[in-house]
Ligand code: S3P
């Protein structure tokens, strides 16, 4: 099997990018990188704080810079934030030398997996489901357009998803 230099996971909040990414990296013997977590470490603050103080624009600037840096790493699995595909320059960077995997997930599963989550500023309002629905309608075509592999994750354990992904790489 000839493995890609880098595997990039894209998809909405609650798709399982971090859980699946960590397991997939272990399976491939690759390092695992989670863009949001590294932004938080570097900044010394969590994402809600960054959104509060710098606004979503400030966060997006940090995200673009981080993706550019992480997309230099080889033998790596990179989990991106749900909105990373919104900027055309990010999409360019993410697909370079990488296999991009879209973890496609129903709205019901996204709602279930993000319930009571305090670390996602975009969902801290009265109707998180409506937000997820709206984001999905805008972003699903972008995720699909960028992806080399589209993997449905509904009602599958992370281990099963990883097994199916390894077979398709
Ligand atoms: C966002 C998704 C989050 C994080 C930020 C914005 C989005 O990442 O980057 O809260 O725009 O969908 P996850 O997809 O890992 O939750």
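Scanning the range 67-80 for residues that are surrounded by fewer than 22 Cβ atoms within 10 Å (Cβ to Cβ) and within 14 Å of the ligand (Cβ to nearest atom) returns a single hit, 70.
Conditions tested, residue by residue: (1) surrounded by fewer than 19 Cβ atoms within 10 Å (Cβ to Cβ); (2) under 17 Å from the mean Cα position of the chain (by Cα); (3) part of a helix (DSSP H, G or I).
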site: 86; (1), (2), (3): yes, yes, no
site: 100; (1), (2), (3): no, yes, no
site: 111; (1), (2), (3): yes, yes, yes
site: 116; (1), (2), (3): yes, no, no
site: 122; (1), (2), (3): yes, yes, yes
site: 150; (1), (2), (3): yes, yes, no
site: 165; (1), (2), (3): no, yes, yes
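Name the residue that is farthest from residue 113 (Cα to Cα), counting only residues in the range 48-58 that are surrounded by fewer than 20 Cβ atoms within 10 Å (Cβ to Cβ) and touching a helix residue (DSSP H, G or I) at 6+ places or on another chain (Cβ under 6 Å). Applying the filter and picking the extreme gives 51.
Taken together, the residues in the range 61-75 that are over 14 Å from the mean Cα position of the chain (by Cα) and either within 18 Å of residue 24 (Cα to Cα) or assigned to a loop (DSSP other than H, G, I, E, B) (or both) amount to 4. The number of residues in the range 124-148 that are outside any helix (DSSP H, G or I), under 17 Å from residue 81 (Cα atoms) and without any contact (Cβ under 8 Å) to a residue 40 or more places away in the chain comes to 0. Would you confirm whether or not the range 23-34 contains a residue that is in a loop (DSSP other than H, G, I, E, B) and away from the ligand (no atom under 14 Å from the Cβ)? Within the range 23-34, one or more residues are in a loop (DSSP other than H, G, I, E, B) and away from the ligand (no atom under 14 Å from the Cβ). The residues of the range 16-55 that are without any contact (Cβ under 8 Å) to a residue 60 or more places away in the chain and within 15 Å of residue 162 (Cα to Cα), listed by number, are 21, 22, 25, 26, 29, 30, 32. In the range 152-163, of all residues being out of contact with any helix residue (DSSP H, G or I) (no Cβ under 7 Å at 6 or more places or on another chain) and outside any helix (DSSP H, G or I), the one that is modelled with the lowest pLDDT corresponds to 155. Evaluation of residue 50 against the conditions (1) within 16 Å of the ligand (Cβ to nearest atom); (2) closer than 23 Å to residue 159 by Cβ; (3) assigned to a helix (DSSP H, G or I) shows that the sole unmet condition is (2).
The values are calculated or read from the model by the stated rules, or taken from the named source; none is laboratory data. Worth saying up front: this structure is predicted, and the values here are computed from it rather than measured. Note: ideal-geometry Cβ built from the backbone for every residue, glycine included; neighbour counts use all protein chains shown.
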